[in-house]
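Visitor: I'd like to ask some things about the structure below.
The values are calculated or read from the model by the stated rules, or taken from the named source; none is laboratory data. As the structure is a prediction and not an experimental result, all values here were calculated from the model. We place every Cβ from the backbone using ideal geometry, glycine too, and count neighbours over all the protein chains shown. These area figures cover heavy atoms from the full protein model, side chains too; ligands, DNA and RNA do not enter into them. Shrake-Rupley method; radii C 1.70, N 1.55, O 1.52, S 1.80 Å.
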Amino acid sequence: MSFILAFTTLNAQQPDSEILEYSSYRKVSGGKLIQTDSVCIQINTRTGDQDAQIFIPYTKSEKLSIRNAWIEDNQGQIVRKLKKDEIKDLNYISDYSLYQDDFIKSFELKHNVYPYRIRYDYEKISPYFLYILSWRPDDINGHRTPLRKAEIRVEVPKNYPIRYEQKNMKLPQVDTLKTTIVYTWQTNYFPVSTEYNALSSSYNIPEINVYPLTFMYGEEGSWTTWEDFGKWVSRLNEGLNVLPDVEKAVLNQLIAGQDDPKEKARILYQYLQENTRYINVSIDIGGFKPYPAGYVASNKYGDCKALSNYMKAMLEYAGIPSYYTLVHSGKQIRDIDRSFPSQVFNHAILTVPFATDTVFLECTMKNIPFGYYGTFLQGRDALLIKPENSVFIHIPELEPEDVLCRRNIEVNGSGNKPVTITETVRGDAFVLYNHLIHESKSVGERYLKKEMFLPSVFTLESFEFDKPDGNTPEIILHAVLEAEDPFQKYGKSLILPAFFSFIQSYESPSKRKTGVQIDYPVFSQDTVTYCVGATIGKISENIYIDTPYGYYSRSFFQKQDKLIVTKNLLIRKGCYLLEDYDRFYQFIQAIQEQESKNIYIEIQ
């Protein structure tokens with residue numbers, strides 16, 4: 001208690017919630033993994049009540065029992081105990097299904113006097129397991145709250161070889177008992193505020209990984225090398241590529257007369273997209289093993305594993321080799337420690353090598369081009385699975401042209417003609433517009449009105465999306481705007497509304513705590529034609545900003561009674577340490593300053 005009070009005294013502003021004590025004990029015994037966790041969360045404010053909702057994940061092969069749970073006041077007096085009928089079992093659904101838990105036990109304990117504490121402990125027994133421990137503080141109930149004191153213990157038999165690593169924390173205390181060895185880690189963690197495009201390594205989050213050298217999980221496996229892990233995945237998937245005869249007949253018709261392997265693959269991929277849907281499923285090997293190809297062919301759905309395996313089976317039937325591939329997908333690229341084989345993947349895709357290039361197939365998304373990998377897959381290492389010699393490959397980075405968004409805008413000053421916008425998008429905007437195309441018109445309208453960043457004088461009157469080529473990762477937006485009087489006139493001066501680009505704001509250097517990680521470039525080009533309807537005299541000066549982080553330019557051209565403004569913006573991909581942040585921040589600020597300005601001209 002003295003430790004907690006001392007810390008509270010030093011911090012005038014308490015967090016909304018905090019984990020005062022956490023202990024986790026993992027014991028390998030009789031081929032099972034027994035986990036016993038005890039948690040004490042303090043809720044300091046009404047906002048912190050969100051952490052009074054407790055979630056404990058488990059798979060259907062595991063036995064989870066919540067042993068005790070109660071609320072206590074600031075003096076340690078028990079206010080209320082949890083009743084058994086207050087515990088709910090929920091299905092666990094996420095964007096990706098590779099190696100996901102199936103279920104969650106959930107309960108809520110709230111009090112109306114602050115601060116109050118929630119204490120609970122539970123036991124989880126796993127009959128088979130890939131790893132003993134893979135722990136970070138934000139794994140506790142899924143929130144990044146301060147962790148005052150944590151103790152993590154792992155106990156294994158003496159003849160049970162393991163590998164372990166810890167990051168941003170001290171080495172464990174190792175105690176050799178009569179028949180077992182106990183490893184004990186102690187740590188705490190006080191998270192900094194989440195910052196945009198934070199360099200992930202800057203957060204210094206404690207992490208512990210403990211893996212057995214060998215394991216039995218559906219098939220015998222080993223963590224000795226990445227190749228050994230790949231062999232296990234390959235054995236787990238063995239025999240799942242059998243297609244029904246009726247499906248083979250369909251495939252024969254689809255690729256009849258086609259000799260080019262790449263065109264065959266393109267046809268089969270389109271068939272996959274049109275006839276299956278993504279759904280999060282898992283089977284008895286804890287969500288690791290794909291559903292068989294025959295199951296997907298009959299039921300027309302699957303998760304990332306099942307759909308990738310199904311696509312692999314179709315390609316194999318067509319005589320085209322491909323490889324089941326594991327990757328950690330998402331918004332931010334995650335480094336993989338090659339020296340420590342571990343379960344770091346959350347997604348499965350397919351790698352298809354051809355004579356002149358290699359294609360990566362994302363099998364869960366409809367309406368994307370053959371071989372398209374977006375910002376959620378680009379630029380990261382992936383494990384290509386083979387029966388022998390699985391290897392890491394690198395999914396190429398997106399280049400500026402791959403994410404280029406172009407706008408052509410024409411503005412008439414008379415007010416009796418509409419403003420037209422033609423926007424051609426790639427990258428993230430392509431994925432977003434690709435989704436909006438298949439939503440109702442009202443959904444697209446709400447989004448565009450909120451996110452087009454139009455000058456205040458304009459209103460969106462109509463729009464339509466155009467996807468001219470299903471094999472090209474771009475979509476064209478045609479929009480019409482209305483404005484009663486778009487130009488402001490002061491004597492011989494005109495103020496023309498600028499169509500600015502959204503540039504994410506960053507913290508000032510004095511407040512920023514982390515470096516910057518930009519995993520793919522931002523690239524846009526605008527051409528705005530202002531039909532002034534008068535002879536133009538003086539125009540603004542051109543602007544050009546060039547730095548190691550990117551460049552920005554805005555140029556002005558006069559053509560009869562028209563002013564043409566072109567703009568180019570590139571923010572390069574890269575990782576920048578905190579000591580470089582000041583210069584990066586100045587670059588972003590310089591762009592925002594220019595983007596906030598209207599355009600002034602003189603007419604004759």
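Visitor: Counting only C-alpha contacts under 8 Å and six or more residues apart, can you give the relative contact order of the chain as a whole percent?
Guide: Working: 1291 pairs, mean separation 61.0, N = 604.
Once divided by the residue count of the chain, the mean separation gives 10 percent.
Visitor: For a quick protection proxy, order the peptides 301-310, 16-25 by their average other-Cβ count within 10 Å, most packed first.
Guide: Values: 301-310: 26.4, 16-25: 19.6.
My ranking of the peptides, most packed first, is 301-310, 16-25.
Visitor: With θ set to phi - 60°, apply the Karplus curve 6.51 cos²θ - 1.76 cosθ + 1.60 along segment 584-594 and write out the HN-Hα couplings as whole Hz, x wherever there is a Gly or Pro.
Guide: Once θ is set to phi - 60°, the couplings for segment 584-594 become 4, 4, 4, 5, 5, 5, 5, 5, 4, 5, 5 Hz.
Visitor: In debye to the nearest 20, how big a dipole does the chain give about its Cα centre with +1 on each Lys and Arg Cβ and -1 on each Asp and Glu Cβ? Walk me through the numbers on the way to the answer.
Guide: Details: 67 positive and 76 negative charges, 253 e Å.
Its charge dipole is roughly 1220 debye.
Visitor: Give the accessible surface of the chain per residue, rounded to a whole number of Å², with probe radius 1.4 Å and ligands, DNA and RNA excluded.
Guide: Working: 29070 Å² over 604 residues.
Per residue, the chain has an accessible area of 48 Å².
Visitor: So what is log10(I(q)/I(0)) for segment 56-194 at q = 0.14, 0.16, 0.17 1/Å, when the Debye sum runs over its Cα atoms only?
Guide: Cα-only, vacuum Debye calculation for segment 56-194: -0.93, -1.18, -1.28.
Visitor: For segment 38-75, list residues with backbone N below 14 Å from a point placed 7 Å from the Cα of Gln14 toward its Cβ?
Guide: Counting only backbone N, you get 41-49, 72-75.
Visitor: Relative contact order for segment 483-604 using alpha-carbon pairs under 8 Å, separation at least 6, rounded to a whole percent?
Guide: Working: 213 pairs, mean separation 46.5, N = 122.
Reported relative contact order: 38 percent.
Visitor: Pairs to check: Lys84/Lys110; Lys27/Lys124; Lys32/Lys63; Lys467/Lys567; Lys492/Lys562. Give those whose C-alpha atoms are more than 18 Å from each other in this structure. Please list the in-between numbers first.
Guide: Details: Lys84/Lys110 16 Å; Lys27/Lys124 11 Å; Lys32/Lys63 11 Å; Lys467/Lys567 25 Å; Lys492/Lys562 16 Å.
Over 18 Å apart, Cα to Cα: Lys467/Lys567.
Visitor: Could you go through segment 135-150 in sequence order and give the Karplus-derived ³J(HN,Hα) for each residue, using 6.51 cos²θ - 1.76 cosθ + 1.60 with θ = phi - 60°, rounded to whole Hz, and x for Gly and Pro?
Guide: Along segment 135-150, the couplings run 10, 9, x, 6, 6, 6, 6, x, 10, 8, 10, x, 10, 6, 7, 9 Hz.
Visitor: Rounded to the nearest Å, what's the spacing between the alpha carbon centres of segment 126-171 and segment 515-588? Just the number, please.
Guide: Here the two parts' Cα centres lie 48 Å apart.
Visitor: In addition: Please report, largest first and rounded to whole Å, the three semi-axes of the ellipsoid equivalent to the chain, where each semi-axis is the square root of five times an eigenvalue of the C-alpha gyration tensor.
Guide: Whole-Å semi-axes of the equivalent ellipsoid: 49, 36, 22.
Visitor: Suppose we look only past 11 Å in the calculated P(r) of segment 491-530. What percent of the Cα-Cα pairs does that tail hold?
Guide: Values: 625 of 780 pairs.
Across segment 491-530, Cα pairs with separations above 11 Å total 80 percent.
Visitor: In whole percent, and with a 1.4 Å probe on the protein chains, what portion of the accessible area of the chain is carbon and sulfur?
Guide: Values: 13880 of 29070 Å².
Answer for the chain: carbon and sulfur cover 48 percent of the accessible area.
Visitor: Against the globular-protein guess of 2.2 N^0.38 Å, express the Cα radius of gyration of segment 226-330 as a ratio, rounded to two decimals. Please report the intermediate quantities before stating the final value.
Guide: Details: Rg = 13.9 Å, N = 105, 2.2 N^0.38 = 12.9 Å.
Expressed relative to 2.2 N^0.38 Å, the Cα Rg reads 1.08.
Visitor: In nm, to one decimal, how far is the Gln186 label point from the Gln258 one, both placed 7 Å along Cα→Cβ?
Guide: Roughly 6.4 nm, to one decimal.
Visitor: Convex hull over the Cα atoms of segment 135-263, averaged projected area in nm²? Before the final figure, lay out each step's value.
Guide: Values: hull surface 57.4 nm².
Its Cα hull, projected and averaged over all orientations, spans 14.4 nm².
Visitor: Got a sec to turn the phi values of segment 514-531 into Karplus ³J(HN,Hα) couplings, 6.51 cos²θ - 1.76 cosθ + 1.60 with θ = phi - 60°, whole Hz, x for Gly and Pro?
Guide: For segment 514-531, the Karplus curve yields 10, x, 10, 10, 10, 7, 8, x, 10, 9, 9, 9, 10, 10, 10, 10, 9, 8 Hz.
Visitor: Further, regarding this structure: Return the long-range amide H neighbours of Lys538 (sequence gap of 5 or more, or a different chain), with a cut-off of under 5 Å between placed amide H atoms.
Guide: Glu602
Visitor: Placing one identical point scatterer on every Cα of segment 516-601 and ignoring solvent, what is log10 I(q)/I(0) from the Debye formula at q = 0.19, 0.23 Å⁻¹?
Guide: Taking Cα atoms of segment 516-601 as identical point scatterers yields -0.86, -1.10.
Visitor: I'd like the chymotrypsin sites (Phe, Trp or Tyr not before Pro) in segment 405-498 restricted to DSSP loop residues with at most 13 other Cβ atoms within 10 Å, sorted by number. Before the final figure, lay out the partial values.
Guide: Details: sites: Phe430, Tyr433, Tyr447, Phe453, Phe458, Phe463, Phe465, Phe487, Tyr490; in loops: Phe453, Phe458, Phe487.
Passing both the DSSP loop test and the Cβ count: Phe453.
Visitor: Name the shape class, rounded, prolate or oblate, that the alpha-carbon gyration tensor gives for segment 445-550, where a ≥ b ≥ c are the square roots of its eigenvalues, rounded holds for a/c under 1.5, and otherwise prolate holds if a/b is larger than b/c and oblate otherwise. The partial results should precede the final answer.
Guide: On the way: a/c = 1.86, a/b = 1.21, b/c = 1.54.
Here segment 445-550 falls in the oblate category.
Visitor: Let me ask something else. Send over the Kirkwood Rh of segment 270-385, from the inverse of the averaged 1/r over different Cα pairs, rounded to one decimal Å.
Guide: Details: mean 1/r = 0.0677 Å⁻¹.
Over segment 270-385, the inverse of the mean reciprocal pair distance is 14.8 Å.
Visitor: List every residue whose amide H lies under 5 Å from the amide H of Cys363, counting only residues 5 or more places away in sequence or on a different chain, with H placed 1.01 Å from N in the peptide plane.
Guide: Excluding prolines and chain starts, which carry no amide H, the hits are Leu350.
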